[in-house]
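Here the structure is laid out as structure tokens; the discussion comes afterwards.
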Amino acid sequence: MNTRNWLRFWKIVLVLTLGVVGGSFESKGAEQQINVPLWEPHDFLFSGQSTNDNPFSIPFAAEVTGPKGSKLLLPGFYDGNSVWKIRVSPTMIGEWKLVTHSSMAQLNGRDLAFVCVANPSPIIHGGLRVDPLHPYHFVFEDGARCFPLGYECDWLWALDMTNANLPTVNRLLDKLAASGFNY
């Protein structure tokens, strides 16, 4: 696991621990800036004890406001153990604000701010769109072209039908992966 994943792991452990002990995932004192890379999903966690027998039926959403007045209305979801999540993937670099809406008082009106920063990954280009200039082509949000490829090899199972280790199938799939076919 790389350093970034370890930091995320420990951040989640800390947040979950504070949420269970303190009853809230957001600090109310000196808040640390939350940086979220462009086009990368980020889960914001909120805690609250539900008296409802089915916490999945509790309405939960957030209005997320970003640079240039962009607004997103995002559904939230119950994730178990009195934790609700709003998953945000910001589409513009800059400051964002999030305000929750719910019929459950503990989840309603919770607000926070975060900053969308440049994405360090060279393979993240944003959502896939139909190219407005060439409607039979695709582009990513940053303008990078997408060339979807398909490879028909559903017949391969027959070559290894009697061998559970699938040597022929695995050899072909390894070659495809080594060529960057399935990025």
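Each Lys or Arg adds one and each Asp or Glu subtracts one; over the other residues with Cβ under 14 Å from the Cβ of V139, this totals -1. For the pair A113 and A164, the difference between a 0.36 nm per residue extended length and the Cα-Cα distance amounts to 13.2 nm.
Take peptides 71-79, 89-97 and line them up by average Cβ neighbours within 10 Å, highest first, as a rough protection proxy.
Details: 71-79: 14.1, 89-97: 16.4.
In decreasing order of mean packing, 71-79, 89-97 become 89-97, 71-79.
For segment 56-161, the solvent-accessible area works out to 63 Å² per residue, with a probe of 1.4 Å and every protein chain left in place. Database remark: amide H of F138 closer than 5 angstrom to the amide H of D131, C146 (H placed geometrically; neighbours at sequence offset of 5 or more, or on other chains; Pro and chain starts carry no H).
If you add up the charges near T65, with Lys and Arg at +1 and Asp and Glu at -1, over every other residue whose beta carbon is less than 14 angstrom from its beta carbon, what do you get? Don't jump to the answer; show the numbers that get you there.
On the way: positive: K68, K71, K97; negative: E63, E95, D111.
Spelling it out: positives minus negatives among the neighbours equals 0.
Any idea what the relative contact order of segment 38-183 is, in percent, if you count C-alpha pairs under 8 Å spaced at least 6 apart? Don't jump to the answer; show the numbers that get you there.
Working: 228 pairs, mean separation 27.2, N = 146.
Computed over segment 38-183, the figure is 19 percent.
Residue by residue, segment 119-132 carries 3J(HN,Hα) couplings of 7, x, 7, x, 9, 8, 10, x, x, 8, 10, 6, 5, x Hz when phi is fed to the Karplus relation 6.51 cos²θ - 1.76 cosθ + 1.60 (θ = phi - 60°); x denotes Gly or Pro.
The values are calculated or read from the model by the stated rules, or taken from the named source; none is laboratory data. Owing to the predicted nature of the structure, the values given are computational and were not obtained by experimental measurement. Every residue, glycine as well, gets a Cβ built from its backbone with ideal geometry; the counts of neighbours run over all protein chains shown. Just the protein is used for accessible areas: all its heavy atoms, side chains included, with ligands, DNA and RNA removed. Shrake-Rupley method; radii C 1.70, N 1.55, O 1.52, S 1.80 Å.
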